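Single-structure report; data block below.
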Amino acid sequence: MAQYTKHPVSAPPAAPERESTGHLLLRGYIILVLVATFAHSAVYNLLGELGAAATLLIFVLATLAIGIPLLAQRRPQPFPWRRLPWAAIAYTVLALISVAWSQWRGTTLVTWVLLATVTVNALFVVQVLTWHEIVRALSSAFKWILGLSLALELWVALVVRGPILPNFFRRPEGEVDPQWYWVRGNLLDGGRIQGIVGNANVLAIISLFAIITFGVLFATRARWRVTLALWMLLAAYFLFRASSATAYVCAAAAAVVLVVALLMRRTTKPGGRTRLYALFIGGTVLAVVAFWLLQKPLFALLGRDADLTGRSDKIWEKVLGRWAEHPVLGNGFASPWIPADPAFDGWIVDHGITVFHAHNMWFDVMMQLGIVGLLLVAIAFLSLLWRSWFFAVDRPRWDLKADRDYSPITLLPSLFTIVLLVQGLTESTPIMLWGWMLLVMLSFKIKAIPLVGVGERERVIERGERARRVP
């Protein structure tokens, strides 16, 4: 007859290890940093120029105050200096050095501080969060931006019943160009909506990033999948209502890359990937040629002019003309252009507003840092594209076992990268604020941790193993 023994063979049951309160607070702080970066225009509209600058300064000081002690605690684990995104770091250094020959030194110094702040925060996020935590933090940040956008649009449409200018309480008096409005109040009348970021194009791109992030979490079978699906529907609604042609093209490109990546994962025959690469590259070339030949009817279908709303003849020609004055090292770093600077004030005007970037990141870099800066940015983005692609399509392997399952999280970097590259053809945001943060963050993380779920922090959070105590 079986009897109970006081000396069982297995260990007594115990609750799974939980994250410390300090780490939860750290994740909350990073979510705030992401919200302030992705929705920086909302901070600007709410607090003004000085308030927005003070917010970024406070965040970078807080990041240094938190990050330096954390690095000191992990002293036995060396900082991965060799894994840093050195092309992006070199571009940041060149931007600072350009003050020596800059045609707008004040703007160079101010905007470089902004670039350095974003770079420091991106490196910090990579060092303290795992892959799963980064995706969850991005998801939380996008939820806050989308939720606040919906609340603001509803408030303007139902309570104010008219457009509002920045700082909430300043109501328009007389005729005001719609470009000056923070929110135009179009939620219920069918027009384009801007959300809390105050720009329909930015809202559309953030909505697209949100759809990708929520979809990845949904595929990982995260908790609250029904809630995630509802957030995806809200993001898709904002993407549709923002009516951004650039965002639609980015979404189409991301969809194509996703399909090809999934097909690559399913390929088992030796020449399968070669045929897919040939088909994909050939199809891309044909699509580009067809787009070039049919650009006028396609732009008309999207409700846009063939010159991309004045970019080619009003903006790009002037930007390239200024680049030709200093083609090698450029005229000096300035991302974004500061309208108060005499070099930019009234230089290029659209709807009565001084334009603050070139609406093409490659032309913008050429004008600012010349051919040298262009090469550094090209290396940074192309190296991220290369690494993120094989991060997505290669099966995870670190020993002899070659049949591990793919992680949906590995798809996110390549999808984000293709969105940034396509958006960079008509916008300069990929080299500013959240665009630059994503470039640095994803480049560093893929180089430092090229496998999802591998590493001490990854094992503790994702596999439930107990962390190894470091004396």
How do 405, 364 line up, fewest other C-beta atoms within 10 Å first?
405, 364
Ranked by Cβ crowding within 10 angstrom, fewest neighbours first, how are 160, 377 ordered?
160, 377
List 325, 427, 133, 317 from most exposed to least, where exposure is judged by having the fewest other Cβ atoms within 10 Å.
325, 317, 133, 427
Provide, in order from the shortest bin, the percent of all Cα-Cα pairs of the range 88-242 in each 5 Å bin, continuing until the bin that contains the maximum pair distance.
2, 8, 14, 14, 13, 13, 14, 12, 7, 3, 1, 0
What base-10 log of the normalised intensity I(q)/I(0) is obtained for the range 113-158 from the Debye formula, alpha carbons as equal point scatterers, at q = 0.15 Å⁻¹?
-0.57
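Taken together, the values in this text are just the output of simple stated rules run on the coordinates, not laboratory data. This is a predicted model, so every value here is computed, not measured. All Cβ positions, even for glycine, are placed from backbone atoms using ideal geometry, and neighbour counts span all protein chains on display.
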